[in-house]
Structures are given as structure tokens and as C-alpha cells.
Amino acid sequence: MLVENHSLVNEFPEYRDTIHDMKMNNNHFSRLFHEYHDLDREVHRIEQGSEVSSDEYLETLKKKRLSLKDELYQMLKD
């Protein structure tokens, strides 16, 4: 199964430098970034079959990841 790369830099390549700067200088952004990254890795492992979970749990993770991505994107734009 082909699993898409949803890393934040992959999702928003135009913000690559801003993402780096905010990770280094904004504690709130950094915390959310790491939470997003951890969720993305867990979703990736489930989608690859490395971990087993229910469809409901996977969908919950994806929704939380999307919510974090939206919040991070707003921070990047501001």
C-alpha cells in the first residue's frame, strides 16, 4: 500500500524556512509541531500495516492530525 507523506514541510513546502524558525523560537508552535509529527508517524505505521488498529481509531487520529495541521497553518500564515 502506498502511504502518502504528510510531514508538515511536505504539506507546506513554501513555509519550510518559517517552520524551522518557528520550531526554534515559538514553544507553542514547537509543541504542536511535535504532536503533529507523532500523530503522523502513528497514522503512517497503521496504514503500512506495522501496527493494528480499528478503523474508528485511525479516523480519530487522522481528524486530530488535520485539526493540528489547520492550527499550525494558521500560525504559519500569521
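The values are calculated or read from the model by the stated rules, or taken from the named source; none is laboratory data. The structure displayed is predicted, hence computed values, not measured ones. All Cβ positions, even for glycine, are placed from backbone atoms using ideal geometry, and neighbour counts span all protein chains on display.
Observations on the model:
- Only listed residue being assigned to a helix (DSSP H, G or I) and modelled with pLDDT under 95, chosen from I19, I46: I46
- Summed over segment 10-58, the residues that are aliphatic (A, V, I, L, M) and exposed (fewer than 13 other Cβ atoms within 10 Å of the Cβ) give a count of 2.
- Looking across segment 49-71, just one residue is under 21 Å from H34 (Cα atoms), assigned to a helix (DSSP H, G or I) and over 15 Å from the mean Cα position of the chain (by Cα), and that is Y57.
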